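No value in this document is a laboratory result; all are computed from the given coordinates. This is a predicted model, so every value here is computed, not measured. All Cβ positions, glycine included, derive from the backbone under ideal geometry; neighbour counts span all protein chains shown.
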């Protein structure tokens, strides 16, 4: 089962994803894509670790090449977040300019390897602001990734002000 959860900043995506994965009785993996750069990232990482405390998650950090994450077939995986993964692929390492195809392919492979996959993403580009080309390219890639995941996901849920709105499938909790 694959579930995509998307929405704006601080809208309850992470809490919903944890709630879905928490119902799984087996091994639970938190697949973290945020690189710990800077004070703000450290604060976010600390907050997410506190939220997961005593919930039985094992954290696996994987900033790029998500398809190669060392995961067992019997686990449930919460991947957070597509925005970070996209930025990592675009702006670090090999500088993959258009990572959408790569990320979608790797996530499909990952979905086929694990029992349950919950993917947290972010909605960007709806504000109508004309951004510099690098930022605009990043926004386009996230849009492509979200569309690609939505196509193969069993469930697609948008969080709006903490309220899950089912766009495809059902609310799995």
Residue satisfying condition, being surrounded by 12 or more Cβ atoms within 10 Å (Cβ to Cβ), in contact with a helix residue (DSSP H, G or I) (Cβ under 6 Å, 6 or more places away or on another chain) and in contact (Cβ under 8 Å) with a residue 24 or more places away in the chain, within set 75, 81, 98, 86: 86
Tabulated pairs, the stretch 1-19, first on the phi > 0 side of the Ramachandran plot, second part of a helix (DSSP H, G or I) and surrounded by 17 or more Cβ atoms within 10 Å (Cβ to Cβ), C-beta under 8 angstrom, 6+ apart or interchain: 7/13
